[in-house]
1. Is there a residue in region 66-89 that is closer than 19 Å to His124 by Cα and surrounded by fewer than 15 Cβ atoms within 10 Å (Cβ to Cβ)?
2. If you take the residues of region 96-117 that are open to solvent by less than 50 Å² (accessible area, probe 1.4 Å) and among the small types (Gly, Ala, Ser), which of them is farthest from Val68 (Cα to Cα)?
3. Would you check if there is a residue in region 121-132 being under 22 Å from Asp31 (Cα atoms) and either touching a Ser or Thr at 6+ places or on another chain (Cβ under 9 Å) or surrounded by fewer than 18 Cβ atoms within 10 Å (Cβ to Cβ) (or both)?
4. Please verify whether Val89 is over 51 Å from the mean Cα position of the chain (by Cα), touching a residue at least 40 places away in the same chain (Cβ under 8 Å) and within 21 Å of Val34 (Cβ to Cβ), treating the condition exactly as stated.
5. Mind checking whether some residue in region 54-62 is surrounded by 18 or more Cβ atoms within 10 Å (Cβ to Cβ), farther than 23 Å from Lys143 by Cα, out of contact with any Ser or Thr (no Cβ under 6 Å at 6 or more places or on another chain) and not charged (D, E, K, R)?
6. Among the residues of region 1-21, which ones are open to solvent by 40 Å² or more (accessible area, probe 1.4 Å) and either within 18 Å of Val73 (Cβ to Cβ) or modelled with pLDDT of 90 or more (or both)?
Amino acid sequence: MNLYDSLPDAAPTVFGEEAVGSFAYDLMTVDVPVGSWISSLEIARDKLACTYFDWLSAVDEPGTGFRVCAHVVSLENRRVRRLLLRTTVPHSAPSLPSAVAVYAGAEWHERETFEMFGITFTDHPHLVHLLLPEEFEGHPLRKDFVLAARVAKAWPGAKEPGEAHDPDAPKRRQMLPPGVPDPNDWGPLKGQLPPAPTRPARTPRAAGAAAREGAPARRTRSVTDGSATQADPTATPEPEAPRPARRTRSVTEGSASQATPPAADAAPAPAAPAPAAPAPAEPSATPDTPAPEPEAPRPARRTRSAGDGSASQAAATPPEPTRRTAPRSADAPWHNPKPAFDEPPTPATPPEATAPEPTTETDPTPTPDPTPDPDNGGDA
């Protein structure tokens with residue numbers, strides 16, 4: 001088993017007590033102090049079999065320092081195991097021992113880190129500029145490096161409003177990217193540009209009548225209260241009369257308007273004048289008029305479903321729907337159907353010839369014999 005497989009939990013055991021290991025994005029990372037930088041590289045090469053040196057660089061972390069990183073790889077047993085060793089040097093004294101004695105390929109990487117970040121690698125065989133000229137001042141990859149070219153030339157990007165159409169139109173001040181100083185504070189136009197316009201400070205919005213002079217304070221209303229114009233806050237609402245309870249009716253009983261009102265609920269008829277004294281009845285030749293028969297009780301309402309319809313609809317027989325005939329055309333193929341092919345006509349079968357049956361009856365007329373009789377000499 002390779003010692004690499006015990007990381008990151010065994011990082012303090014392998015690299016020292018101050019080492020901190022982590023694993024993320026398929027990469028093993030171990031942070032070590034500056035004093036253990038060279039010894040940690042030797043452990044990675046000898047004990048973890050990380051014999052392949054990939055790259056070395058640094059990152060400027062404001063408030064923390066320069067974080068130097070070395071990426072090495074183990075190819076043992078045809079398996080790729082990557083390890084990222086990191087250490088942090090302060091901004092005030094950016095110095096670190098050179099790793100050329102452990103990994104010879106780190107020579108050019110340390111030269112590049114030296115000119116881009118200003119980190120000095122002690123014991124380096126030839127620590128000079130690699131990409132920049134010798135007379136170049138500053139370290140371009142530091143966060144405090146001034147991008148002088150951006151002061152002379154505007155930061156590239158989209159045109160400001162009005163810049164493409166009217167050159168005299170007012171423009172808003174362009175945003176400066178990180179590392180670019182104000183042209184009025186640094187550069188050839190220092191002190192010659194007018195100060196950037198500042199927006200007036202916005203006062204906090206006062207509540208109530210202080211925000212709008214003469215306007216009444218806004219009253220908090222709920223959705224059910226409605227708006228202020230819909231209700232008079234000074235008026236006293238009259239008590240609403242209690243609503244009668246709704247009577248529960250079934251489907252067979254019908255609605256209240258269909259039910260026959262009782263006689264007690266009917267309005268009383270006006271009082272009729274007192275009848276006069278009855279006159280003496282005269283004899284009549286006609287028979288007595290029979291008394292009216294009492295009205296038959298009203299039958300109960302029949303329960304009908306929605307599909308049956310009302311009683312008035314059921315009494316009337318619905319007319320049969322008139323069938324709409326399609327327009328007929330003389331050249332339509334379905335009017336004169338013809339077979340796809342002509343079949344030969346089938347010949348009629350002639351009736352079978354029957355032999356005449358022999359007659360059993362005797363003919364009463366004798367048939368003359370054409371042969372002459374020799375007895376009579378041929379006389380008839």
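The values are calculated or read from the model by the stated rules, or taken from the named source; none is laboratory data. The shown structure was predicted, so the numbers you read here are calculated from the model rather than taken from an experiment. Quick reminder, even Gly has a Cβ in these numbers, built from the backbone with ideal geometry, and neighbours come from all protein chains shown. In case anyone asks, the SASA skips ligands and DNA or RNA and just uses the protein heavy atoms, side chains included. Shrake-Rupley method; radii C 1.70, N 1.55, O 1.52, S 1.80 Å.
1. No; the residues of region 66-89 include none that is closer than 19 Å to His124 by Cα and surrounded by fewer than 15 Cβ atoms within 10 Å (Cβ to Cβ).
2. Gly105
3. Among the residues of region 121-132, at least one is under 22 Å from Asp31 (Cα atoms) and either touching a Ser or Thr at 6+ places or on another chain (Cβ under 9 Å) or surrounded by fewer than 18 Cβ atoms within 10 Å (Cβ to Cβ) (or both), which makes the answer yes.
4. Details: over 51 Å from the mean Cα position of the chain (by Cα): no; touching a residue at least 40 places away in the same chain (Cβ under 8 Å): yes; within 21 Å of Val34 (Cβ to Cβ): yes.
The answer is no for Val89.
5. So far as region 54-62 goes, no, none of its residues is surrounded by 18 or more Cβ atoms within 10 Å (Cβ to Cβ), farther than 23 Å from Lys143 by Cα, out of contact with any Ser or Thr (no Cβ under 6 Å at 6 or more places or on another chain) and not charged (D, E, K, R).
6. Quick first cut of region 1-21, residues open to solvent by 40 Å² or more (accessible area, probe 1.4 Å) only: 1, 3, 5, 9, 12-13, 17-18, 20.
Of everything in region 1-21, those that are open to solvent by 40 Å² or more (accessible area, probe 1.4 Å) and either within 18 Å of Val73 (Cβ to Cβ) or modelled with pLDDT of 90 or more (or both) turn out to be Leu3, Asp5, Asp9, Pro12, Thr13, Glu17, Glu18, Val20.
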